[in-house]
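Engineer: Encoded as structure tokens, here's the structure I'll be asking about.
The values are calculated or read from the model by the stated rules, or taken from the named source; none is laboratory data. Keep in mind that what you see is a predicted model, and the values were worked out from it rather than measured. Quick reminder, even Gly has a Cβ in these numbers, built from the backbone with ideal geometry, and neighbours come from all protein chains shown.
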Amino acid sequence: MIIPLHWTRHDLRALLEQRAEAASGFYGINPPVSLPELLPNTNKHRGDPLDHLLDRTLMRPRDAILFLNAVVREAAGKRSVSWSDIHSAEIEYSRERLDALRDEWKNPFPGIERVLEQFRGRKARLDWRELTKVFDDIVTLPADTNFPGTVWLTELSAGIWEAGAGSRSWDEMYGMLVYLLYEISFLGLVEGERTVYSYETTSPASMNTSIEGRTFEIHPAFRLGLQMSENHRLKKA
């Protein structure tokens, strides 16, 4: 029997507080310090540094620990870390999270990294028309004989290519691609003042109705790795 584990922000904060002294000691911050001593102060422009870290995880201990370790490593030898250290560490962390996402989902979706790569350099928040342009590039990948994901991507994009596509709704043509990227927590659905990702709920209310006309958002964990632009301010629950 598989028992799903769900971690809250409170859980991960407590975990990182336990890990902070060990990480600071290992990376040369002497004497080791507590998490509040280690991180920079909260300010109105950048917000809470711990929230910044957690926003860029999939709410899993592994992600949180890796990001904290990267931040402390960036500030090796200093008594505390700066916002500049956090930003520098985030670049490599984001690239590593992209690689981890590929490794997690390459079976049954070989070549999924080529799909994610189509978002490089784009805005982090996309309305459905902007997302359509990305999807129209994605569905041409099977034309490349070296693309290993022809079978699964052709199946997910069948609504675009099969006869009668002109009479289909946006959901019928692109919905399966949305659901895939949502399932792997790469893509979130904007719900009012926040964005919902799959690790928070298996089925946001909007997924049960038409998603045409909605706004979508790439998870913060992957944005720097794909050199995406922040065209909005993050909203948290």
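Engineer: Of the conditions (1) more than 17 Å from the chain's Cα centre (by Cα); (2) surrounded by 14 or more Cβ atoms within 10 Å (Cβ to Cβ); (3) over 30 Å from residue 38 (Cβ atoms), residue 126 clears all except one; give me its number.
Structural biologist: The one condition residue 126 does not meet is (1).
Engineer: Something else now. Return only the number of the condition from (1) crowded, with 18+ Cβ neighbours inside 10 Å; (2) at pLDDT 95 or above that residue 155 does not satisfy.
Structural biologist: (1)
Engineer: For region 1-91, please list each of the helices (runs of 4 or more DSSP H) lying entirely inside it that holds at least 2 residues being farther than 19 Å from residue 199 by Cβ and not assigned by TED's automatic domain parsing to the domain that holds residue 195.
Structural biologist: By residue number, 9-26, 35-38, 61-74.
Engineer: Can you find, within region 31-67, the residue that is surrounded by the fewest Cβ atoms within 10 Å (Cβ to Cβ) among those that are under 17 Å from residue 92 (Cβ atoms) and in contact (Cβ under 8 Å) with a residue 40 or more places away in the chain?
Structural biologist: Checking each candidate, the answer is 65.
Engineer: Turning to a different aspect of this structure: So which residues in region 72-89 are in contact with a Gly (Cβ under 9 Å, 6 or more places away or on another chain) and modelled with pLDDT of 95 or more?
Structural biologist: none
Engineer: Which numbered condition in (1) over 18 Å from residue 213 (Cα atoms); (2) buried (at least 19 other Cβ atoms within 10 Å of the Cβ); (3) under 22 Å from the mean Cα position of the chain (by Cα) is the only one that residue 96 fails?
Structural biologist: (2)
Here is a yes/no grid of residues against (1) basic (Lys, Arg); (2) in contact with a Phe, Trp or Tyr (Cβ under 9 Å, 6 or more places away or on another chain); (3) assigned to a helix (DSSP H, G or I); (4) in contact (Cβ under 8 Å) with a residue 12 or more places away in the chain:
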residue: 103; (1), (2), (3), (4): no, no, yes, no
residue: 108; (1), (2), (3), (4): no, yes, no, yes
residue: 120; (1), (2), (3), (4): yes, no, no, yes
residue: 129; (1), (2), (3), (4): yes, no, yes, no
residue: 134; (1), (2), (3), (4): no, yes, yes, yes
residue: 137; (1), (2), (3), (4): no, no, yes, yes
residue: 154; (1), (2), (3), (4): no, yes, yes, yes
residue: 172; (1), (2), (3), (4): no, no, yes, yes
residue: 180; (1), (2), (3), (4): no, yes, yes, yes
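Engineer: Further question on the same structure: Going through 51, 99, 63, 55 one at a time, which residue ends up being in contact with a Pro (Cβ under 8 Å, 6 or more places away or on another chain), under 25 Å from residue 187 (Cβ atoms) and of a type in the set (D, E, K, R)?
Structural biologist: 55
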